[in-house]
1. When a/c is below 1.5 the answer is rounded, else prolate if a/b is larger than b/c, else oblate, so apply that to segment 108-252 with a ≥ b ≥ c taken from the square roots of the Cα gyration tensor eigenvalues.
2. How large is log10 of I(q)/I(0) for segment 57-105 at q = 0.16, 0.20, 0.21, 0.23 Å⁻¹ when the intensity is taken from the Debye formula with one equal scatterer per alpha-carbon?
3. What distance in nm separates the two pseudo spin-label positions at Ala414 and Glu468, each 7 Å out from Cα along the beta-carbon direction?
4. Please list 272-281, 682-691 highest first by mean number of surrounding beta-carbon atoms within 10 Å per residue.
5. Could you work out the mean projected area of the convex hull around the alpha carbons of segment 77-144, in square nanometres to one decimal?
6. Measuring from the lowest to the highest alpha carbon on each principal axis, how far does segment 205-325 reach, largest first, in angstroms?
7. Determine Rg/Rh for segment 20-152; Rg is computed over alpha-carbon atoms and Rh is the Kirkwood hydrodynamic estimate from the same atoms.
8. For segment 379-420 and segment 115-141, what is the separation of their C-alpha centers, rounded to whole Å?
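The values are calculated or read from the model by the stated rules, or taken from the named source; none is laboratory data. If you're wondering where the values come from, they're calculated on a predicted model, not measured in any experiment. Heads up, the Cβs are rebuilt from the backbone with ideal geometry, glycines too, and the neighbour counts pull from every protein chain shown. These accessible areas exclude ligands, DNA and RNA; they are computed on the full protein's heavy atoms, side chains included. Shrake-Rupley method; radii C 1.70, N 1.55, O 1.52, S 1.80 Å.
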Amino acid sequence: MSPRSPFPRSTVLGYPRIGPRRELKRALESYWGGRSTRADLERVGAELRERTWRRLAELGLDGLPSNTFSLYDQVLDTAVLLGAVPERYRDAADPYMAMARGTEGLAPLRMTKWFDTNYHYIVPEIGPGTTFALDASKPLDEVRQARALGFETRPVVVGPVTFLLLGSALDRLDDVLGCYEELLSALAAEGVAWVQFDEPALVGDRTPEELAAVRTAYERLGAAEQRPGLFVAAYFGDLGAALPVLAGTPVEAVGIDLVRGGLPAADLRGKTVVAGVVSGRDVWRTPPGRALAALGSVRAADVVVSTSCSLQHVPYSVADEPDLEAGLRGRLAFAEEKVVEVVALAEALVHRPGDLDRPDGVPGREPAAEVRPVAVRERAPYAVRAAAQAGHLRLPALPTTTIGSFPQTGELRAARAAVTSGTLSQADYERRVETEIERAIRTQERLGLDVLVHGEPERNDMVQYFAEHLDGFAVTRNGWVQSYGSRCTRPPILHGDVARPGPITVRWASYAQSLTARPVKGMLTGPVTIVAWSFVRDDLPLRDVVLQVADAVGEEVRDLEAAGLSIIQVDEPALRELLPLRRAAQADYLEWAVAAYRRATSGAGERTQIHTHLCYSDADQILAAIDGLDADVTTIESARSGARILGAVAAFGRGLGPGVYDIHSPRVPSADEVEELLRRTVRALPAERVWVNPDCGLKTRTYEEVEASLANVVTATRRLRAELRS
Ligand code: GLN
Ligand code: ZN
């Protein structure tokens with residue numbers, strides 16, 4: 001059946017929900033800490049939703065979404081909606097939070113990154129025993145809450161194909177479609193005019209079977225007797241082959257990402273196209289000429305102005321950033337400002353359609369600079385480097401080290417806040433940082449580690465710290481974006497040409513080295529990771545921006561070396577994250593990402609040992625690229641992914657440090673357990689190339705846990721060393 005009312009003229013696909021001052025974070029943490037009740041938490045949620053609807057309406061937005069709020073994650077909400085709650089969580093005091101965060105006796109569900117964003121979702125666990133049963137209370141409650149406030153809303157739900165693909169269970173399509181049909185009829189009974197099904201999985205490479213599932217799903221849902229209008233939103237790229245498939249189903253509206261994706265080739269004349277012309281992934285104002293041109297090129301029954309994806313990936317408002325320099329502020333648009341743009345574009349579309357024919361009537365940005373070739377100085381071959389480093393460093397077999405950070409104490413964070421507020425002098429703060437460095441060095445010496453780190457006490461965050469010390473970046477005061485659950489980050493804004501006005505970490509690294517005769521490892525964040533975790537200028541190709549950052553990191557590498565650091569680690573944990581969703585674009589990305597890394601590190605002499613660190617288990621797609629980084633030593637997550645990763649990295653032929661314990665848990669591994677893992681490692685890899693280290697940095701742990709764990713790591717290593725000698 002067809003919808004009762006036409007689609008609104010302007011809308012957004014979703015909105016931030018953590019609260020402009022991270023109210024949700026505080027409410028969650030207070031509930032988790034036992035200082036407030038579930039009802040208190042729900043009340044904060046209701047207030048945040050109310051505030052969002054009122055604000056969106058005030059700004060003139062026509063189509064308000066609902067069910068975009070979440071206490072933790074929208075994919076987890078969808079699992080609950082469909083009744084896909086694994087048996088073992090059902091008796092927990094709060095099953096939802098138990099799935100999200102675990103309990104004393106229960107591990108949480110797995111969490112991973114949402115497409116190519118830095119947002120993490122909870123992976124649905126769907127097994128042969130999973131029974132689906134609809135529980136539509138959350139979307140219905142939100143529709144009712146909004147209606148009581150005078151707002152008609154469009155519930156947003158993760159669509160069946162994306163949900164099942166995320167849970168690797170597309171074979172259960174038939175079962176979940178039953179629930180979706182029931183949901184449609186419940187929404188229709190509630191008088192809901194439109195529902196939005198989010199299907200970002202459709203912008204990736206999809207097999208013919210998967211495309212057939214799309215057809216089956218939307219033909220079946222389209223045929224439902226009682227239902228609202230169906231709006232399928234696919235974002236983060238081009239719909240490609242999925243578009244004609246969707247166009248051939250009875251869905252009434254299709255959401256297309258016109259910022260990242262191209263223009264639809266399919267025949268959409270019978271559909272409403274919800275045109276995503278305002279980017280939900282960056283913080284820049286939309287050039288109106290470009291947006292109007294894109295709108296003008298859509299040939300459809302009806303065109304609605306929207307954002308390219310949910311605005312959950314950008315902060316609330318530029319109005320909360322009084323410290324930003326005026327010129328930069330004028331170029332920025334966060335969620336609120338993007339809503340204003342959507343409304344203005346919809347206005348132009350209705351009242352001044354003539355503008356559509358003058359795409360360049362409004363000035364855009366400067367044209368992009370020329371793409372430069374990537375010049376990479378080649379380092380000496382590995383064998384030459386390895387010999388030079390061995391002679392210089394004189395490390396024992398199975399050298400022990402850590403990934404960089406040591407526990408970040410509350411006092412240190414308080415001291416940083418005190419410097420910002422002016423109650424602590426810079427000199428006093430620096431003395432405290434030095435005290436922390438000394439503590440880290442003495443601890444490592446006492447434990448008997450071979451390669452030491454300064455512990456990163458001066459860093460609030462591994463990206464923000466560098467952004468604060470490089471030209472071309474700005475940092476925000478309130479620009480928080482949800483990363484997962486209550487975790488938020490404040491991505492720096494990379495707005496201009498990047499340059500390093502002076503050394504950044506050299507002071508701390510050389511102080512650490514001055515305290516000890518053992519080698520200290522300098523610690524830097526790699527160019528891809530710095531860019532991946534920032535909002536980046538869009539007037540230059542991403543590749544060129546990364547290269548600028550690589551040159552700045554390269555200068556730091558050379559200064560560390562000149563200051564006497566003989567080991568330098570350049571972390572690239574986000575290498576995987578920026579991998580394009582489409583296979584066709586991946587090789588090009590990996591090529592320049594690797595080239596940027598090598599450009600940053602190749603200035604180091606052959607005696608200087610370069611380490612890199614990566615912390616994910618799904619490295620399979622980028623193994624060749626990790627090898628291509630050509631680092632002398634690669635430390636990598638492996639305690640959880642186990643033997644699989646060992647086999648894969650064995651072929652690298654250079655130093656390798658597969659993590660011997662998982663730092664994400666407070667558990668202290670026993671020496672026996674570490675020894676067993678090490679034994680497995682030296683069976684899979686030549687012992688002379690093996691390093692011994694934890695899985696990742698230690699900043700989230702306590703000193704107590706760290707000391708106990710590392711003591712056992714050293715004990716296990718010594719036992720094995722003795723065995724190798726005999
Ligand atoms: N050097 C960083 C640390 O130890 C690496 C963190 C990471 O891999 N994400 O904290
Ligand atoms: Zn890590």
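1. On the way: a/c = 1.45, a/b = 1.27, b/c = 1.14.
Rounded shape, in that the Cα axes give a/c under 1.5.
2. -0.54, -0.70, -0.74, -0.84
3. Roughly 1.8 nm, to one decimal.
4. Values: 272-281: 25.4, 682-691: 15.9.
Descending packing order for the listed peptides: 272-281, 682-691.
5. Numbers: hull surface 23.1 nm².
Mean shadow area of the hull around the Cα atoms is 5.8 nm².
6. 53, 31, 26
7. Details: Rg = 16.0 Å, Rh = 16.3 Å.
Rg divided by Rh gives 0.98.
8. 40 Å
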